[in-house]
Amino acid sequence: MVRYKPERGYGFYHILGTMILYNIIIIIALIFVQSYVLISLLKVSLFVFNIYELYYILLIGTLKYDVDDEFIYINSIVKRRKIVFGDIEGYKINRGNINGIKLSGFGTNYFAIGKSVIKKIGTTSMYVTSNKNIFYLKSGDFNYAVSPTEYLKFEELLKNKNINIIDWEHKYAKDNNLHKDKSFMIPFIIVTLIVTVLTLNPFMLYLMNKLPLKMPLNFDSSFLPVEYGTGKQFAFNQMVYGVLNMAIQFCMYYASHFYAKYDKKSSKKFIYASLVIAAAFLIIQIRIIVTFR
């Protein structure tokens, strides 16, 4: 087993700095915002964001490339990817700015960790810590990118495996239907059900006279009511949240279909974001109804 270290770069510090900056912004917002609903959403966002950031900090901070007779292993403490030499059709070396669109993870002109659509090359799983010497490895319809420090030895290794420099330009299929994909449709259906309950539940309770004459409309950060209204006003208020979530689901649905052209797996993150937001609103609604009904 031979190990190739990735080229030193600023990616780790970029992601860490982004994490610190956004944590400061959200924490300041939590201090000054007095709305219970907004505070709850900010807390959910802070939790999800930090998990996402920590994953990529650990990925780029512990990244290494290992090679044996059959495989290239892209290893880190959080992920292990194995590429069969026999599946690699060829490679290309680029130097300088990374020209691409980020699908997931983090990336700038100087580093990229995650998935990106690279100009002419196509959708690529990026494990690039520096743009000094980037190896793009073509493996079927998918590509991998690495940036080993000992790039001359790495290139010699590829040539010894009869893997040569080639030029290619990937063309994407027009049909990327997500409706047949269970991992997309199941969360989409769950979001639809949650939004339906979120919208209709308070209205149905009002019609059946199961809401008190006086219901809280707004809360402070400690979940203490700061404004009261009638049961009808409460039902209407909650229906507005339901409509808002419908709009979010609609936007996320079309964002997923747009990204699916490049990578179906990355495209599903949008519908899951919609699921988290809708679930948060429903939990808040249930808590209000159970507490004050």
Inset, instruction - Under 6 Å between Cβ atoms, at least 6 apart or on separate chains: pull out the pairs that start in the range 245-273 with a residue that is open to solvent by 40 Å² or more (accessible area, probe 1.4 Å) and at pLDDT below 85 and end on any residue that is assigned to a helix (DSSP H, G or I) and small (Gly, Ala, Ser). - result: Tyr259/Ser266; Tyr259/Ser267
Legend entry - Of residues in the range 60-92 being without any contact (Cβ under 8 Å) to a residue 40 or more places away in the chain and among the acidic types (Asp, Glu), the one surrounded by the most Cβ atoms within 10 Å (Cβ to Cβ): Glu70
Legend entry - Looking only at the range 119-135, and only at residues there that are touching a residue at least 24 places away in the same chain (Cβ under 8 Å) and over 17 Å from Ile83 (Cβ atoms), the one that is surrounded by the fewest Cβ atoms within 10 Å (Cβ to Cβ): Lys120
Inset, instruction - Might you check whether a residue that is modelled with pLDDT of 90 or more and either crowded, with 19+ Cβ neighbours inside 10 Å or more than 24 Å from Leu275 (Cβ to Cβ) (or both) occurs anywhere in the range 218-228? - result: yes
Legend entry - Within the range 93-116, considering residues that are hydrophobic (A, V, I, L, M, F, W, C) and modelled with pLDDT under 90, the one most open to solvent (accessible area, probe 1.4 Å): Ile101
Legend entry - Lone unmet requirement of (1) modelled with pLDDT under 90; (2) touching a Gly at 6+ places or on another chain (Cβ under 7 Å); (3) open to solvent by 60 Å² or more (accessible area, probe 1.4 Å) for Pro212: (3)
Legend entry - Every residue from the range 136-165 that is assigned to a strand (DSSP E or B), surrounded by fewer than 20 Cβ atoms within 10 Å (Cβ to Cβ) and in contact with an Asp or Glu (Cβ under 8 Å, 6 or more places away or on another chain): Ser139
Inset, instruction - Name the single residue, out of those in the range 1-59 being within 30 Å of Glu155 (Cβ to Cβ), in a loop (DSSP other than H, G, I, E, B) and open to solvent by 90 Å² or more (accessible area, probe 1.4 Å), that is modelled with the lowest pLDDT. - result: Met1
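The values are calculated or read from the model by the stated rules, or taken from the named source; none is laboratory data. Quick caveat, the model's predicted, so the values are computed rather than measured. Please note: Cβ atoms are built from the backbone with ideal geometry, for glycine as well, and neighbour counts cover all protein chains shown. Each accessible area value is taken on the protein alone, full model and side chains, heavy atoms only, with ligands, DNA and RNA left out. Shrake-Rupley method; radii C 1.70, N 1.55, O 1.52, S 1.80 Å.
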